[in-house]
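Okay, structure first, notes after.
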Amino acid sequence: MKILIIEDEQELAKSMKQYLRQESYVVEVAYTAREALEKVLMHEYDCILLDITLPDGNGLSILEKLKTENKLDGVIIVSARNSLDDKIKGLNLGADDYLAKPYHLSEMGARISAIIRRKRFEGNNAIAFHELTIDLIGNVVSVNKLPVELTRKEYDLLLFLVSNKNRVVSKNAIAEHISGDVAEVFDNFDFIYAHMKNLKKKLAEAGCVDYIKTVYGLGYKFEV
Amino acid sequence: MKLLRRTFKNYILYSTLLLLVCAPLFYLFIQQLFVEEMEEELFHHKKNFFESAAYIKSDSDLTIYKLLNEEFQLKEATHWPVSDSLYSYSVYDSIEQELIPFRVLRCGVIIQNKNYELIIRESVVGSSDLVQAIVVIQTSLLILLLIGFIFINQNLSKKIWSPFYAILEKLKQYQIDKDTQIKLPPSDTTEFEDLRITVEQLVSKNRNAYLSQKEFTENASHELQTPLAIFQSKLELLMQTHNITREQADLISDLSNANDRIARLNKNLLLLSKIENNQFPSKQPVLLKEAVEKTLYLYKEKAEVKKMKTTVTDESETKVNVNPTLLDILLSNLISNGLKHSPEESELKIHIEKNTLHILNQGEPLKNPEKLFQRFNRESRTATGSGLGLAIVKEICDVEGFKIEYYFTDQHYFKVSFNLN
């Protein structure tokens, strides 16, 4: 699976690349709009992360170019402006998603895997690890083919961890992911602990291997 | 005291004083003039009499003369010589039923070698009436003059000062965050023209300073996003490295928390400048109760963690014409503020009345309630909020034309009034 990162900040691009490499993606980076356009027109990517504030031109123009080339599918706009305008403009132009800087890499990971899953497994969108299956269309989790009753938050939490499997997902990233855009996040992770406890308990009761590991001081990791 | 009234006060004081002092003085002066005139007259009569006396050759002549000239009284002198003397006296007039004052000249005269005392008298009544009439006319004139003066002065002052009041009015209406320029009416009075130019320059300088400050906040926040993103990404990569000790994990966790706080702070600063810059212009009617319930749902878990109860009551079906994003932020900040600062197992009460929203929660009274809506004002250093939540609420209220008030009786009470006009 090929991913293109269009990002003028080299250090950030490097981090993104490094994080995504662990997921066995093929990651390419373009630092300028010109470079990005070349790459986009020559290759097919499953997902493009597009920073719309590029030094040599507005990223939105790349988006427009992609639209005329019919290669829009799978574009996530990244913006430091955190501006509603950019978001609306980008989504109107046909981008799939929007990420505001600064974002957690695990959030980025979750967004990318959502896009890739949607593109690759049309109609039959499910993730399976041994006895655990997550049906992404019906939003149903089952263990050994028996459905497990999860709350919306527990389901989101599981999916978030699975999307970043084998990587440590920080408490902060989880808190932000679960709280949503508007809610002000409290410096209190009690509610995460509560959700996590319930989720692990429900999976264990259904006979699932304990894939979710607590990483001391940092967060959680879905390990397979 | 108003400028015009201040000058007026002095004018009127002076004029009244002048009138009070001058009217009696004037009266006395005229009176004096008349008396002098009358005495001259009396002496004139005396001279006439002396001239006529030469023609009196017999007693009968004298009797005729006496009959013809009532104002002369002749009687034989009791002593001689009689020196000229002037005096006044009054005689009761039974017809008019009043005392009639007279001015009298007494002198000696020799007629046919006999010594006589001549008394010439002149009624003062006519002349004193005249004096009074003159004084009344003069006083009326003075009063009329004064009234005219006040009237003219008032109108003239108003006219002269009108550019000044126009400038003052424009300055009062000027809002640095809304109006781009101030347009003041020109004047042909040099001072006011100077004032106008100076004020316009001052305003435009202030406006520029304000804009660059605003721009700075926005730019600084923008520019900070990228390094923050880099820092965060590196921390996350650091978390993925192997063999992290507990000590290192704690450090990374602390760094991550601190970075999250900076990121949130920065996000809020950016949001604040965006609200200030009116980047949320579109409005639509929103059912307040629905918006409140939607926001409460977002904080459901945080309330549950603190075992807090939340209630919403609404009898009004109030709809607010507002930018929906701003309303969400406003409610979110107020509700999260309430939840954050309430003791465990307490209640957060939200009540909607016609065009007003009431949010009540328990807690200790504030030490500095007047600073509540100021940026970075925190009651305690231990609080981990950005210190911008309520400043954002205030800014939203300002931009949207709402009014927010805070009271403390036995609990914290926020009141937001919508649809003010």
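Here are a few things to note about the model shown:
- At most 12 other Cβ within 10 Å, DSSP loop - GluC sites (Glu not before Pro), the stretch B:56-164: B:Glu70, B:Glu96
- The distance separating the Cα centre of the stretch B:85-141 from that of the stretch B:339-408 comes to 93 Å.
- Principal axis extents of the C-alpha atoms in chain A (largest first, rounded to whole Å): 54, 39, 29.
- The stretch B:235-348: radius of gyration over Cα atoms, expressed as a fraction of 2.2 N^0.38 Å: 1.43
- The fraction of Cα-Cα pairs per 10 angstrom bin, counted from 0 for the stretch B:1-94, comes to 11, 25, 23, 13, 10, 9, 6, 3, 0 percent, rounded to whole percents.
- As a ratio to 2.2 N^0.38 Å, the alpha-carbon radius of gyration for the protein assembly as shown is 1.95.
- Dividing the Cα radius of gyration of chain B by its Kirkwood radius returns 1.51 for Rg/Rh.
- Enclosing the Cα atoms of the stretch B:313-365 in their convex hull gives a volume equal to 84 cubic angstrom per residue.
- Per the Cα gyration tensor, the stretch B:68-202 maps to an equivalent ellipsoid with semi-axes of 79, 16, 10 Å, ordered largest to smallest.
- In plain terms, if you count all Cα to Cα distances in the stretch B:146-193 and split them into 10 Å steps from zero, the share in each step is 24, 38, 25, 10, 3 percent.
- Proximal lysines relative to B:Lys159, as straight alpha-carbon distance under 16 Å, when same-chain residues fewer than 8 apart are discounted: B:Lys2
- Each eigenvalue of the Cα gyration tensor of the stretch A:52-154, multiplied by 5 and square-rooted, gives one semi-axis; in descending order these are 33, 16, 11 Å.
- Remark: the stretch B:30-111 carries 68 Å² of accessible area per residue (probe radius 1.4 Å; ligands, DNA and RNA excluded).
- Residues of type lysines that B:Lys57 reaches as a straight line, Cα spacing below 20 Å, ignoring anything fewer than 8 places off in the same chain: B:Lys46, B:Lys47, B:Lys66, B:Lys75, B:Lys114
- List of the stretch B:237-277 residues, accessible area with partners at least 30 Å² below that of the chain alone (1.4 Å probe): B:Leu237, B:Met239, B:Gln240, B:Arg246, B:Ala249, B:Asp250, B:Ser253, B:Asn257, B:Asp260, B:Arg264, B:Lys267, B:Lys274
- FRET E, pair B:Gln132, B:Asn206, Förster distance 60 Å, beta-carbon r, rounded to 0.05: 0.35
- Neighbour-limited loop hits for chymotrypsin sites (Phe, Trp or Tyr not before Pro), the stretch B:308-408 (at most 14 other Cβ within 10 Å; DSSP other than H, G, I, E, B): B:Phe376
- In the context of the full protein assembly, A:Arg21 retains an accessible surface of approximately 140 Å², using a probe radius of 1.4 Å and ignoring ligands and nucleic acids.
- Taking every Cα-Cα distance in the stretch B:309-421 and sorting them into 5 Å bins starting at zero, the pair-distance distribution P(r) comes out as 2, 11, 22, 27, 21, 12, 5, 1, 0 percent.
- Chains A and B together, accessible area buried on both sides, 1.4 angstrom probe, square angstrom: 3900
- Carbon/sulfur fraction of accessible area - the stretch A:87-224, other protein chains in place, 1.4 Å, %: 52
- Taking a straight Cα-Cα cut-off under 25 Å and skipping sequence neighbours fewer than 8 places away in the same chain, the lysines within cross-link reach of B:Lys354 are B:Lys283, B:Lys289, B:Lys294, B:Lys309, B:Lys319, B:Lys394, B:Lys403, B:Lys415.
- Equivalent ellipsoid semi-axes - Cα gyration tensor, the stretch A:1-93, angstrom: 19, 15, 12
- Relative contact order of chain B, pairs being alpha-carbon contacts under 8 Å that are 6 or more residues apart, as %: 9
- Computing FRET efficiency as 1/(1 + (r/R0)^6) for B:Asn419 and B:Asp177, where r is the C-beta to C-beta distance and R0 is 22 Å, gives about 0.50.
- Overall Cα dimensions of the stretch B:188-278 - principal axes, largest extent first, Å: 83, 20, 17
- Computed Kirkwood radius, in angstrom, where 1/r is averaged over Cα pairs of the stretch B:251-290: 12.7
- Surface composition of the stretch B:295-421: carbon plus sulfur atoms hold 48% of the accessible area, using a 1.4 angstrom probe and ignoring ligands, DNA and RNA.
The values are calculated or read from the model by the stated rules, or taken from the named source; none is laboratory data. Small disclaimer: the values here were computed from a predicted structure and weren't measured. Cβ atoms come from the backbone with ideal geometry, glycine included; neighbour counts cover every protein chain shown. Surface areas here come from the heavy atoms of the whole protein model, side chains and all, with no ligands, DNA or RNA. Shrake-Rupley method; radii C 1.70, N 1.55, O 1.52, S 1.80 Å.
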